[in-house]
Amino acid sequence: MTLPRGANRALPPHARRLRAVLNWDESEDGVADIDASALLLSADRRVLSDEHFVFYNQTASPDGAVRHLGRTSTEGGAAERVGIDLDEVGENTWFVVLAASVSEGTFGQVPGLRLVLSAGGEVLAHVAADQAGSETVLVLAELYRREQDWKVRAVGQGWDSGLAGLAQDFGVDVADSDDEDDRDDEDDRDDEDDRDDEDDRDDEDDRDDEDDRDDEDDRIDDSADHDAGDGAGEAGDTAVGAFDASSAAAAVSADGTRQAPLEQVHLDQAGTSAELPMQDAHPAGDGGGDDLIEVVEPDGDRTDRTDRTEDGELAAASDAATASSGATGAPATADERAASAGFAGFAGDAGSADEAGPVDEEGPVAPAAPSSPAPALAGNTATAASAVTSTAVAAKGVRTRKTKAARAAVPVPPALRLRLEESWQAARVFSISGVGSGEEQEKRATSALLATMMGVRAFARGLTGHFDAPGGAVETYLETPFTLGEATVIPDGVIRIARAGREWTGLVEVKTGDGQLRRAQVENYLDVAREQGFDAVITISNEIAPDAGEHPVEVDRRKLRGKVALFHLSWAEVVHEAQMTLSHRGVGDALQAWLLAELIRYLQHPRSGAAGFEDMGPAWVGVRESVAAGTLRASDRKAPAVAESWIRLVRQLRLRLTAELGVSVVHVLPRKIATDPAARLKATTAQLAESGQLEATLRVPGAAGPVGIVADLRTARVRTSVRLSAPQEGGGQRRISWLLRQLKDAPADLLIETHFTGRAESTCEQLRDVRDSPGALLPDKSAEVAAFTLTRTTTMGTKRSGVKGAFIPSVTEALENFYRGVVQPLRAWVPPAPKLPDEVTGMPPEDAERDGPDGDDSKHPVG
């Protein structure tokens, strides 16, 4: 259900465990860094305490009701998640505000920002923020009590003061300061010096170790003679955080008193600081991101914000609110508060109550009393600064700035150097020998996975983050029996996590090979989980859900009511998570790296039954033959099945590239179908019937351009392509030479299509011919080269599954070979820096690289 700004809806009584997912469309450069956060507010709309501000540096509220679940990869890029358990929310919590902040730039530069609130796979509310401008933080929605029920309201209000400004508006003590930044910069320099010294020592140690190994090799040679070797609120309500944030920032800046430095504890995602008590530190994995987590430990006991009126801060705010309400002392109305706030949300009217949907008559959206008096801030900066100074509390507060990820080596498995022959196979932790039946495959894969989760905490945290599980000590069990009525059901595994006195439990059902999940079995486990008070049922198979958050099995939605959630991971996603952890995030030590590498090695072996999505389904052959005959229509029953298999394959390709490259590869889709799986399936089916082709475009951050892939079932060919802009200086010959220098190792059969400014026609030649005659791409000397499209065509496999001659391996190989051989070496053209005028004449400098009179500028390289 889409909620326009200002609208609200009641949450169903069974929706108790909620998931708020913040999504956005990646921009061309793919560098948007968006973070989700939540604030738990009292009835007067003040944060209950600093600890009730939940975000990347403070990942759970004190009662555990709200948790920052971190970042995950979705079809359109990254997503931030927040979990809310309404049954755990304290009685003094009346509002849960859901916000988004951007680290660099503004939300006007972030396309497609949206918040999806769901429970048990059922979407409860969809809030879009498509009118943002200069804001750096947005309140997208809020949950609020109405008697015994909860409601959700679309807000859509923004600030340009960042996450710190939002937190301060709701009464959070923010510990960010310029002095701390200076100390951080100094620490960064010291750390860099220390790392350089450590690198020098490591290099020396490496040389010593190499010398020792050489001496040992010499002894081995002599003795054996062998060679060794990862918003507005409801209509009429005032804005959330309604006071002038810029004035507030000025007042705080005027405060000469800075808080004392806070004790800072740095934890890396690998869990190398796991010896710290769990209640004193939140592992970085809790945030789900790659940034180091900085946990702020205050001196002394914290005081609840609602109990601090004697400090003067809330008292002053309360006086201001009373003054705004007139001599009667009655509370200010929403309109009066809005009038005194001097703040507006992003562009767009909130609309009337009729336009926005049902609204409540009671309950302000904005904080009733800002931490700094809004009228004083707007009218008298000196007075406001004085008020802030008088209430400053030393050594308290929350740090909202992100810490920079330290440069650290990722532990790698130890290399095998002493084999006498290359054919020698390293011993396996998880043996593939003797794997026979599907049941044996399932048991071995389940045991290998769950055992590795206990041994490699960073991997376990990355994996359980998909299930909204808390970070904590993980224990796993195999084939634990449970009683359901008169029957006994035995899930393949159980995951238990303990954190701060609370426990989380998930039942695990595993399928390998072509094994299919069965609805009755999944529903039985949901019943067991509900009866036992467990949290989730997790299924793992080679089936890939069409989109993140979806489940490949349609179950009775009534069984998802309450606190039991249903999740699915494909084996491709499990391997993706393992590769990301091993190669890009890092683990605790080399031994853990070796164990995780052994799991990947096992799962990637064909006998494991966990090789990933490798079967286009029973409809494949019939659809392929219909395409060849020209008889396929969108209404054919088999066409959607093949289209859905293609969507799943593209998702697997995206996950595979993401894991191998260490960046978030995005499937580029039109916005109208990006968030609507049914519309996407319909569009893919129509395209298949109309053209006989299956298409996808993947954007790799840092690549010269998006990578296109087309499987043409009519010609049985796979086309991969990339388009990149030509340099915007020099003549046509010079621009072509710029491209050819980057394609020196590309395959000779690569097609180069040249596009020209102001001309509809283009030219196209094979790379082997252009190398001999670059001028073949220029129709005449006046043609201005605007862009190039590079395309390679390979043979498409026609079999529905298997390795040799199968469709899926042929598409995967075509994409990876094209990226490795063509896209990876390419560098987009970057214009040179502007030139200053000549110091003597004051005239613009002459272009030393100006084209010669004959148009031959090959001696003047571009870029």
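Sort out which residues of the stretch 431-448 are hydrophobic (A, V, I, L, M, F, W, C) and either in a helix (DSSP H, G or I) or within 31 Å of the chain's Cα centre (by Cα) (or both), and write them in order of number. Within the stretch 431-448, 445, 448 meet the criteria. Filtered by the rule that a residue be at pLDDT 70 or above, among the charged types (D, E, K, R), open to solvent by less than 90 Å² (accessible area, probe 1.4 Å) and part of a loop (DSSP other than H, G, I, E, B), the stretch 811-863 gives a lone residue, 838.
Which of the residues belonging to the stretch 561-575 are modelled with pLDDT of 80 or more, of a type outside the set (Val, Ile, Thr) and not in a strand (DSSP E or B)?
To start, the set of residues in the stretch 561-575 that are modelled with pLDDT of 80 or more comprises 564-575.
From the residues that got through so far, the ones that are of a type outside the set (Val, Ile, Thr) too are 565-573.
If the condition is that a residue be modelled with pLDDT of 80 or more, of a type outside the set (Val, Ile, Thr) and not in a strand (DSSP E or B), then 571, 572, 573 are the ones that fit.
Of the residues making up the stretch 701-736, those that are of a type in the set (Ser, Thr, Tyr) and surrounded by 21 or more Cβ atoms within 10 Å (Cβ to Cβ) are 720, 721. Only one of the listed residues (636, 615) is more than 21 Å from residue 543 (Cα to Cα) and at pLDDT below 95. That residue is 636. Pairs linking a residue in the stretch 135-150 that is part of a strand (DSSP E or B) to a residue that is of a type in the set (Ser, Thr, Tyr) and open to solvent by 10 Å² or more (accessible area, probe 1.4 Å), with Cβ atoms under 9 Å and 6 or more positions apart or on different chains, are 137/161. If you filter the stretch 42-92 down to residues that are assigned to a loop (DSSP other than H, G, I, E, B) and hydroxyl-bearing (Ser, Thr, Tyr), you find that the one that is most open to solvent (accessible area, probe 1.4 Å) is 56.
Among the residues making up the stretch 659-700, those that are of a type in the set (A, V, I, L, M), under 21 Å from residue 113 (Cα atoms), open to solvent by less than 30 Å² (accessible area, probe 1.4 Å) and not in a helix (DSSP H, G or I) are 665, 666, 698, 700.
For the stretch 738-749, residues that are buried (at least 19 other Cβ atoms within 10 Å of the Cβ) and more than 12 Å from residue 829 (Cα to Cα) total 2. Residues considered: 451, 520. Of these, the only one that is within 30 Å of residue 676 (Cβ to Cβ), part of a helix (DSSP H, G or I), open to solvent by 10 Å² or more (accessible area, probe 1.4 Å) and aliphatic (A, V, I, L, M) is 520. Look at the stretch 30-50: where a residue is farther than 17 Å from residue 141 by Cβ and a partner is in a strand (DSSP E or B) and of a type in the set (D, E, K, R), sitting 6+ places away or on another chain with Cβ atoms under 8 Å, you get 30/699.
Is it the case, given these coordinates, that residue 470 is out of contact with any Asp or Glu (no Cβ under 9 Å at 6 or more places or on another chain) and either more than 23 Å from residue 604 (Cβ to Cβ) or surrounded by fewer than 16 Cβ atoms within 10 Å (Cβ to Cβ) (or both)? Let's see the steps before the verdict.
Numbers: out of contact with any Asp or Glu (no Cβ under 9 Å at 6 or more places or on another chain): no; either more than 23 Å from residue 604 (Cβ to Cβ) or surrounded by fewer than 16 Cβ atoms within 10 Å (Cβ to Cβ) (or both): yes.
Considered against the rule, which asks whether it is out of contact with any Asp or Glu (no Cβ under 9 Å at 6 or more places or on another chain) and either more than 23 Å from residue 604 (Cβ to Cβ) or surrounded by fewer than 16 Cβ atoms within 10 Å (Cβ to Cβ) (or both), residue 470 comes out as no.
Within the set 715, 720, 697, the sole residue that is in contact with a His (Cβ under 9 Å, 6 or more places away or on another chain), within 20 Å of residue 792 (Cβ to Cβ) and of a type in the set (S, T, N, Q) turns out to be 697. Among all residues of the stretch 643-658, there is at least one that is in contact with a helix residue (DSSP H, G or I) (Cβ under 8 Å, 6 or more places away or on another chain), more than 23 Å from residue 806 (Cα to Cα), open to solvent by less than 30 Å² (accessible area, probe 1.4 Å) and modelled with pLDDT under 90. For residue 102, the conditions (1) open to solvent by 10 Å² or more (accessible area, probe 1.4 Å); (2) farther than 14 Å from residue 22 by Cβ; (3) among the β-branched types (Val, Ile, Thr) are fulfilled apart from (2).
Can you pull out the residues in the stretch 623-641 that are under 17 Å from residue 796 (Cβ atoms) and of a type outside the set (A, V, I, L, M, F, W, C)? Listed by number, the residues that qualify are 624, 625, 626. Of the set (1) surrounded by 16 or more Cβ atoms within 10 Å (Cβ to Cβ); (2) in a helix (DSSP H, G or I), all apply to residue 628 but (1). Of the numbered conditions (1) at pLDDT 95 or above; (2) closer than 21 Å to residue 551 by Cα, residue 476 fails exactly one; give the number of that condition. Condition not satisfied by residue 476: (2). Residues in the stretch 115-161 that are in contact with a Phe, Trp or Tyr (Cβ under 6 Å, 6 or more places away or on another chain), surrounded by fewer than 20 Cβ atoms within 10 Å (Cβ to Cβ) and modelled with pLDDT under 90: 131, 133. Among the residues making up the stretch 654-697, those that are closer than 26 Å to residue 627 by Cβ and within 15 Å of the chain's Cα centre (by Cα) are 654, 667. Examine the stretch 577-585 for a residue that is part of a loop (DSSP other than H, G, I, E, B) and within 30 Å of the chain's Cα centre (by Cα), and state whether such a residue exists. Checked the stretch 577-585: no residue is part of a loop (DSSP other than H, G, I, E, B) and within 30 Å of the chain's Cα centre (by Cα). Cβ-Cβ distances below 8 Å connect the following pairs, each with a first residue in the stretch 785-799 that is within 26 Å of residue 739 (Cβ to Cβ) and modelled with pLDDT under 95, a second residue that is of a type in the set (D, E, K, R) and outside any strand (DSSP E or B), and a separation of six or more residues or different chains: 785/735.
From the residues in the stretch 25-82 that are among the hydrophobic types (A, V, I, L, M, F, W, C) and modelled with pLDDT under 75, which one is farthest from residue 119 (Cα to Cα)?
Within the stretch 25-82, the subset among the hydrophobic types (A, V, I, L, M, F, W, C) is 31-32, 34, 36, 38-41, 43, 47-48, 53-55, 60, 65-66, 69, 78-79, 82.
Next cut, modelled with pLDDT under 75 only: 31-32, 78.
Numbers: 31: 30, 32: 27, 78: 20 Å.
Checking each candidate, the answer is 31.
The values are calculated or read from the model by the stated rules, or taken from the named source; none is laboratory data. Keep in mind that what you see is a predicted model, and the values were worked out from it rather than measured. Because the Cβ atoms are built from the backbone with ideal geometry, glycine has one as well, and the counts that use them run over all protein chains shown. The accessibility values were calculated without ligands, DNA or RNA, using every heavy atom of the protein model including side chains. Shrake-Rupley method; radii C 1.70, N 1.55, O 1.52, S 1.80 Å.
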